[in-house]
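Reading through the structure tokens given below for one structure.
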Amino acid sequence: MFFPPDTETLQLMPAIDLAAAVAGSIGGALYAVRKKFVITGVLLIAIPASLGGGILRDILLGQLPPVALTQAGFYLPAAILPALLVFFLESVIKRLERLLFLVDALSLGLFACVGAQKALAFHLNWTAALMIGTLNAVGGGILRDILGGETPDVARPGALNSAAVIIGCAFYVALIELVEVNKYIICSLAVFLIFLLRVLSVRYD
Amino acid sequence: MFFPPDTETLQLMPAIDLAAAVAGSIGGALYAVRKKFVITGVLLIAIPASLGGGILRDILLGQLPPVALTQAGFYLPAAILPALLVFFLESVIKRLERLLFLVDALSLGLFACVGAQKALAFHLNWTAALMIGTLNAVGGGILRDILGGETPDVARPGALNSAAVIIGCAFYVALIELVEVNKYIICSLAVFLIFLLRVLSVRYD
Amino acid sequence: MFFPPDTETLQLMPAIDLAAAVAGSIGGALYAVRKKFVITGVLLIAIPASLGGGILRDILLGQLPPVALTQAGFYLPAAILPALLVFFLESVIKRLERLLFLVDALSLGLFACVGAQKALAFHLNWTAALMIGTLNAVGGGILRDILGGETPDVARPGALNSAAVIIGCAFYVALIELVEVNKYIICSLAVFLIFLLRVLSVRYD
């Protein structure tokens, strides 16, 4: 019943996974800085926000220890350095709030694609890939909100962010499964779709 | 130190596990609908409420990916369709609130038995089976409450629901370990006991 | 890529791990008693507070089922009996509040060392050991706070407890990796350092 994961499918992922981790770290640190956390508190929020979704994904896929730990030399700097940058450049960053919302929306799409793709590489079916992709995308933000003592944003009444992730993730999985197109292109399209849905949902909420 | 799980003991479980998942989905969706969540929010509450306890159980037993993912073709519909039904039939369901409390009490018992039984099938001892059974039963509800931004109901001061689960679970494990009776009968008795304790605890709280 | 864990390094741990579990159970039970929980609520808070950090550690290391379950005959009494003692001796314990803070500070150090050491025994590098040690130390308290419906203490703005854990954990990992000294001595020093930082951080907060 167990097949080794499809390594070719896995090749695209490390770069995207790390890019998403950087975006998650920035989002988590900004959240913590706004709440007036001290530097260790900022790190304790930013690291789960950055690596939490991927760790949950790897736990469910049974790839333990998770890549964030076996490759900690890459993942920990990706989770810590952007958070420190946000902490020390707080006054500058605040003016960039709009940019940060965009980075956040981008990270949702990147995480969703990485998660869905990894689940497919582990030979799970498309419904499972959809669940893993969504969890990978929203997991970090949920951990960030729980640690910060707030109702998780993704499940807030009226919010459409979760809709964006689920729709974009389904779009990605459907194209990967049904169409013979290069997966980099499909991934870019899905990330763009989730990004667009997020931006529109905020504008017309 | 590792023995393959006892497959005969596992045979009863899928049907009970799916029945509990359906009950958990209904409970989660009703909770989300009351809080005026939009449809994606309802799904993001109902799916963890439905599958969360079983996924936590499978993580602790090291059966990864969890059955909810390897058998996603069965478990995802069991988690999604009842939630959609609740969402679209909201006005009808509200009148059925009493029935839903009963369904919820039933699901606690089903999840507790499935969890305890699976732990025993994995050759854990009775204390561990008690922990897994309890976690399986209360896990989905705890996730639902956290995602909904409330203090987890199971740990609320004065509440006796957790007592019902622990007592019923201990009853189940004790009978399974000590008595030579068909396990379907024991399971039915334990589910009935937990159900009864829950109903009584609400009446006399 | 997978090596069996270094069993010699693991030998120190069970005693320390159990001692930390006892301290975690006392801390969790006191927290629940203060919030007027009934006895089952106290157990449902104390058990995760006691075993939660170690279970999260074992999940991330892929040692499943976690030792808290495979050795449930030791770990469950360590999690339950101190909690029952706190519950029944409530009036006496209250006068011992100062002692309990010290026990709590001690448990942070014990958990951090056990976690870091176990990660190194699983051949993870020092950054990963730092993450596992910190998670092991703060995990139980985070679960306790979430189940009790509060903002996790470890991430509260201004608090220096997390700083103590991270610094002490880094101190432990650095000495273990760099110095040829008996690891019992290093462990004692690190536990003492974390203990001292905690006490000072409360005094000068």
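The values are calculated or read from the model by the stated rules, or taken from the named source; none is laboratory data. Quantities reported herein were computed from a predicted structural model and do not represent experimental measurements. Cβ atoms come from the backbone with ideal geometry, glycine included; neighbour counts cover every protein chain shown. All accessible areas refer to the heavy atoms of the entire protein, side chains included, with ligands and DNA or RNA removed. Shrake-Rupley method; radii C 1.70, N 1.55, O 1.52, S 1.80 Å.
Taking the condition modelled with pLDDT under 85, surrounded by fewer than 23 Cβ atoms within 10 Å (Cβ to Cβ), within 16 Å of the chain's Cα centre (by Cα) and part of a helix (DSSP H, G or I), does C:Ala170 pass?
On the way: modelled with pLDDT under 85: no; surrounded by fewer than 23 Cβ atoms within 10 Å (Cβ to Cβ): yes; within 16 Å of the chain's Cα centre (by Cα): yes; part of a helix (DSSP H, G or I): yes.
Answer is no for this residue.
Candidates in region C:149-163 are the residues that are within 14 Å of chain B (Cβ to nearest Cβ) and more than 18 Å from the chain's Cα centre (by Cα); of these, the one that is modelled with the lowest pLDDT is C:Thr151.
Here region C:102-129 is the region considered, the condition is being among the aromatic types (Phe, Trp, Tyr) and more than 15 Å from the chain's Cα centre (by Cα), and the residue that is surrounded by the most Cβ atoms within 10 Å (Cβ to Cβ) is C:Phe122. Which of (1) more than 12 Å from chain B (Cβ to nearest Cβ); (2) at pLDDT 90 or above is the odd one out, the single condition C:Ala15 does not satisfy? Just one mismatch for C:Ala15, condition (2). Within region C:28-43, restricting attention to residues that are free of Cβ contacts under 8 Å to residues at least 40 places away in the same chain and outside any helix (DSSP H, G or I), which residue is most open to solvent (accessible area, probe 1.4 Å)? Restricting to residues being free of Cβ contacts under 8 Å to residues at least 40 places away in the same chain and outside any helix (DSSP H, G or I), the top hit is C:Lys36.
When you look at A:Ile132, is it within 22 Å of A:Phe195 (Cβ to Cβ), away from every other protein chain (no Cβ under 11 Å), of a type in the set (A, V, I, L, M) and touching a residue at least 12 places away in the same chain (Cβ under 8 Å), yes or no? Write out each step before concluding.
Values: within 22 Å of A:Phe195 (Cβ to Cβ): yes; away from every other protein chain (no Cβ under 11 Å): no; of a type in the set (A, V, I, L, M): yes; touching a residue at least 12 places away in the same chain (Cβ under 8 Å): yes.
Against the criterion (within 22 Å of A:Phe195 (Cβ to Cβ), away from every other protein chain (no Cβ under 11 Å), of a type in the set (A, V, I, L, M) and touching a residue at least 12 places away in the same chain (Cβ under 8 Å)), A:Ile132 does not qualify.
Beta carbons closer than 6 Å, at least 6 apart along the sequence or on distinct chains, pair a first residue in region A:44-66 that is more than 17 Å from A:Gly24 (Cα to Cα) with a second that is of a type in the set (Gly, Ala, Ser) for A:Leu64/C:Gly62; A:Pro65/C:Gly62. Of the residues making up region C:124-151, those that are among the hydroxyl-bearing types (Ser, Thr, Tyr) and over 14 Å from C:Leu56 (Cα atoms) number 2.
Determine whether B:Ile194 is surrounded by fewer than 19 Cβ atoms within 10 Å (Cβ to Cβ), closer than 23 Å to C:Ile45 by Cβ and at pLDDT 80 or above. Spell out the reasoning first.
Working: surrounded by fewer than 19 Cβ atoms within 10 Å (Cβ to Cβ): no; closer than 23 Å to C:Ile45 by Cβ: yes; at pLDDT 80 or above: yes.
No: the conditions fail for B:Ile194.
Per the conditions (1) under 24 Å from A:Ile39 (Cα atoms); (2) open to solvent by less than 20 Å² (accessible area, probe 1.4 Å), the sole criterion not satisfied by C:Leu200 is (2).
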